[in-house]
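Chemist: Can you keep this structure in mind? I'll have questions shortly.
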Amino acid sequence: MEKQHNTKSVKPQGIRIEVTESGVVTANVRVPYFVVKMGLKFGQSAGKSKKKGSAEEELERLKDVDMDAVLEALNSGELTLPCLLVEVDEPDKNGHVKITLE
């Protein structure tokens, strides 16, 4: 079966970060998409810095994040909103983190 292409551009509204501890939601934060894009651009440029330290090394990892590829996948119909980006379980702490593009 061939995937259908969307006729109009899909525009994410934001990213939702939800943290659950012992079955109770302890954080439910929505970050507007434009802030996420700004942060990624800042992080990518900061990651190009020649200084090395824990924060700089972590920022360097952002250079591989390609939100344009995610948007292409949304527009082609390969992905749909809401789109789960990250899901992490911490069984030893009875915790769960979920990051969703909405």
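Chemist: Can you confirm whether region 46-55 contains a residue that is modelled with pLDDT of 85 or more and farther than 20 Å from Val31 by Cα?
Modeler: no
Chemist: Looking only at region 91-102, which residues are loosely packed, with under 11 Cβ neighbours inside 10 Å and either free of Cβ contacts under 8 Å to residues at least 12 places away in the same chain or among the β-branched types (Val, Ile, Thr) (or both)?
Modeler: Correct list: Pro91, Asp92.
Chemist: If you don't mind, there's one more thing I want to ask. Can you tell me how many residues in region 56-102 are of a type outside the set (Lys, Arg) and at pLDDT below 65?
Modeler: Looking only at that region, the number is 6.
Chemist: Follow-up question, since we're still on this one. If you scan region 20-29, which residues turn out to be within 12 Å of Val97 (Cβ to Cβ) and surrounded by fewer than 16 Cβ atoms within 10 Å (Cβ to Cβ)?
Modeler: Answer for region 20-29, where residues must be within 12 Å of Val97 (Cβ to Cβ) and surrounded by fewer than 16 Cβ atoms within 10 Å (Cβ to Cβ): Glu21, Val25, Thr26, Ala27, Asn28, Val29.
Chemist: Just to be sure I understand, how many residues within region 14-41 are over 24 Å from Asp64 (Cβ atoms), touching a strand residue (DSSP E or B) at 6+ places or on another chain (Cβ under 7 Å) and not aliphatic (A, V, I, L, M)?
Modeler: Counting residues in region 14-41 that are over 24 Å from Asp64 (Cβ atoms), touching a strand residue (DSSP E or B) at 6+ places or on another chain (Cβ under 7 Å) and not aliphatic (A, V, I, L, M) gives 6.
The values are calculated or read from the model by the stated rules, or taken from the named source; none is laboratory data. A quick note: this is a predicted structure, and the numbers were derived from the prediction, not measured. In this analysis, Cβ positions are derived from the backbone assuming ideal geometry, glycine residues included, and neighbour counts consider all displayed protein chains.
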